[in-house]
Amino acid sequence: MTNGGTRSGQLRRRSWSAADVQEALVISGQIPLWLVDGDDRIAFVNEAAVRLLGYHSDDELIGRPSHDTVHWKHPDGSPFPAEDCPITHATRRGEPVVIERDWWVRKDGSMLPISIHCVQMEIDGRMGTAMTFHDQTASVQAENERRALEVQRARLAEVRASRTRIVEAGDAQRRRVVRDLHDGAQASLVRVVLALRIALDGGGVSGEVRPMVDEALENAGSAIDELRELAHGIHPAALTQHGLASAIEGLAERAPVPVVVEIPRERYADSVESAAYFVASEALTNVAKYARASTARVTLTDTDSQLVLTVDDDGVGGARPSAGGGLAGLADRVAAVEGTIHLTSDPGEGTHIRVEIPLTPAPESAATAGDDSRSEASVLIVDDDAKFRALAGIMLRSRGFEILGESSDAASAVAMAVEHRPTAIVLDLNLPDHDGFWVAQRLNEAGVGARILLTSSMATDVLPSALDRHGIVAFISKAELPTTDLSALLR
């Protein structure tokens, strides 16, 4: 209430001048403020700016050259000449400047990420610059964490994909061994048995030789049976030819205890069928060896998204996975197809195994799929090591990338990228004529929007700020390339 009863809603709105607003900002001390005169010398700095830059008082800053005090180097330590400074150029032209990410040098030499807003302002009769700036440390830390998480996810995805490829390759090799045994040694033994049987039946074997021929015939038949059992243990032909139901029914017939099998006669992916079969085989082997069970049951159900296999027995229980044991190996095999295995085996309650296997690949494992999107990525390999270029080309082609070309130096790399416009570039940090950052800068200036992956064979600390400034996706040492999902970084 004023003037004897004027209500707050009837108060006159006060008119604020630019000088009033400027004074309020300076006095508040909450927003870092920095004034630079026409000679690029610091004319004023408020308490918030002094504190943020690590100084004790404005006396340490007033009168000093602005650029040479806080803007004289890049985050990677390389010099930042005043003639390259966008703030200096804009000030001379009398233009306002807004920079969302820059780096200033604190008193102790450490780098401070900031955003800057500059406007032209008359200072001591000449045109200077007024700057406000804001600390971006939290934002940079968040970006660094995000980048590290992306690289970690890419490596994890490649580990998973690699594990799947190893299991699938192992299964394919087992099938080849079984075929070789069947077509080679087993077929030869069958021919021996047939020849001996014909000789015996034809009466051309003398009485004193006949016992030896009978023994040879018996040994050859035993060898055929042993080879058949060996081949079945490596990879059952029934699984390849007739599917999971027939293969597990064969396991049940050979088991020493009655086994009930409830499995639909559906076909699934080879990797899924192999994983489920070997779980059932190991589980029924354990039933025979340790469970002292009177019966067992194997059931399988499937939905649109997963296959569920259970193996139950009524034995003594107490089963525990051990390092290097069969159950531990099963867990690794199931994990390779993005599945899970659960074991319950309380003493006296039997053993119960439940396996869940996805029927569609998990998104991280899609790196092994040959979809059309993979072939869209064209890669330029830039490295002065010819052997590395050759090996990198083989690795990238195996993962579905098209190799657009190769270059051994920075200048030709820029020319090739500008002409052919690759979607991705694997770029060596250390090249004969310029470094990888120089290449990235030239490509940015030319508008080449490729995803750049920086590499080096040497142990090198590359600041995330340098990657950001040059538009580089990530830095990965060459030793880590085979274990990294490049699809997540180059597409």
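The values are calculated or read from the model by the stated rules, or taken from the named source; none is laboratory data. Here the structure is a predicted model, which means the values were calculated and not measured. Don't worry about glycine lacking a Cβ; one is built from the backbone with ideal geometry, like all the others, and counts go over all protein chains shown.
Among the listed residues Ser281, Ser246, Ser274, identify the single one that is in a helix (DSSP H, G or I) and farther than 26 Å from Ala319 by Cα.
Testing whether each residue is in a helix (DSSP H, G or I) and farther than 26 Å from Ala319 by Cα leaves just Ser246.
State whether one or more residues within the stretch 310-324 are assigned to a strand (DSSP E or B), touching an Asp or Glu at 6+ places or on another chain (Cβ under 8 Å) and in the same structural domain as Asp346 (by TED's automatic domain parsing).
no
Give the stretch 342-353 a look and list any residue that's within 37 Å of the chain's Cα centre (by Cα) and surrounded by fewer than 16 Cβ atoms within 10 Å (Cβ to Cβ), or say none.
Within the stretch 342-353, His342, Thr344 qualify.
Tell me which residues, restricted to the stretch 105-140, are of a type outside the set (Gly, Ala, Ser) and over 20 Å from His89 (Cα atoms).
Arg106, Lys107, Asp108, Met111, Leu112, Pro113, Asp124, His134, Asp135, Gln136, Thr137, Val140, listed by residue number.
Could you give every pair whose Cβ atoms fall below 6 Å, whose first residue belongs to the stretch 72-88 and is outside the structural domain of Gly128 (by TED's automatic domain parsing) and within 16 Å of Ile99 (Cα to Cα), and whose second residue is aromatic (Phe, Trp, Tyr) and part of a helix (DSSP H, G or I), counting only separations of at least 6 or pairs across chains?
The qualifying pairs do not exist here.
Being modelled with pLDDT of 95 or more, closer than 14 Å to His352 by Cα and buried (at least 21 other Cβ atoms within 10 Å of the Cβ) is true for just one of Val287, Val279, Val298. Which residue is that?
That would be Val298, the only listed residue that is modelled with pLDDT of 95 or more, closer than 14 Å to His352 by Cα and buried (at least 21 other Cβ atoms within 10 Å of the Cβ).
Considering each residue of the stretch 120-154, count those that are over 30 Å from Asn46 (Cα atoms) and exposed (fewer than 15 other Cβ atoms within 10 Å of the Cβ), and give that number.
Number of matching residues: 7.
Going by what's in this entry, would Pro358 be described as in contact with a Leu (Cβ under 6 Å, 6 or more places away or on another chain), surrounded by fewer than 20 Cβ atoms within 10 Å (Cβ to Cβ) and either modelled with pLDDT under 80 or not polar (S, T, N, Q) (or both)?
Spelling it out, it is not the case that Pro358 is in contact with a Leu (Cβ under 6 Å, 6 or more places away or on another chain), surrounded by fewer than 20 Cβ atoms within 10 Å (Cβ to Cβ) and either modelled with pLDDT under 80 or not polar (S, T, N, Q) (or both).
Regarding the stretch 435-445, can at least one residue be identified that is of a type in the set (S, T, N, Q), at pLDDT below 70 and outside the structural domain of Leu156 (by TED's automatic domain parsing)?
no
Just one of (1) crowded, with 17+ Cβ neighbours inside 10 Å; (2) modelled with pLDDT under 90 trips up Ile263, so point out which.
So the condition that Ile263 fails would be (2).
Please enumerate the residues belonging to the stretch 418-451 that are within 13 Å of Phe475 (Cα to Cα) and either over 23 Å from the mean Cα position of the chain (by Cα) or outside any strand (DSSP E or B) (or both).
If the condition is that a residue be within 13 Å of Phe475 (Cα to Cα) and either over 23 Å from the mean Cα position of the chain (by Cα) or outside any strand (DSSP E or B) (or both), then Leu429, Asn430, Gly436, Phe437, Ala440 are the ones that fit.
Table: residues versus (1) exposed (fewer than 15 other Cβ atoms within 10 Å of the Cβ); (2) within 15 Å of Pro32 (Cβ to Cβ).
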position: Ala49; (1), (2): no, yes
position: Pro65; (1), (2): no, no
position: Trp72; (1), (2): no, no
position: Gly77; (1), (2): yes, no
position: Cys85; (1), (2): no, no
position: Arg93; (1), (2): yes, no
position: Ser110; (1), (2): yes, no
position: Ile114; (1), (2): no, yes
position: Cys118; (1), (2): no, yes
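Of everything in the stretch 95-108 that's crowded, with 16+ Cβ neighbours inside 10 Å and of a type in the set (A, V, I, L, M), which residue is nearest to Thr129 (Cα to Cα)?
Val97
Could you tell me which residue of the stretch 86-119 is nearest to the chain's Cα centre (by Cα), considering only residues that are within 19 Å of Arg41 (Cβ to Cβ) and small (Gly, Ala, Ser)?
Ala90
Listed here are the residues, each with its yes/no results for (1) in contact with a Gly (Cβ under 7 Å, 6 or more places away or on another chain); (2) outside any strand (DSSP E or B).
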| site | (1), (2) |
| --- | --- |
| Asp39 | no, yes |
| Arg51 | no, yes |
| Ile62 | no, yes |
| Asp76 | no, yes |
| Ile99 | no, no |
| Asp102 | no, no |
| Asp108 | yes, yes |
| Pro113 | no, no |
| Cys118 | no, no |
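For Gln136, are the conditions met, namely being modelled with pLDDT of 70 or more and under 30 Å from Ile357 (Cα atoms)?
No: the conditions fail for Gln136.
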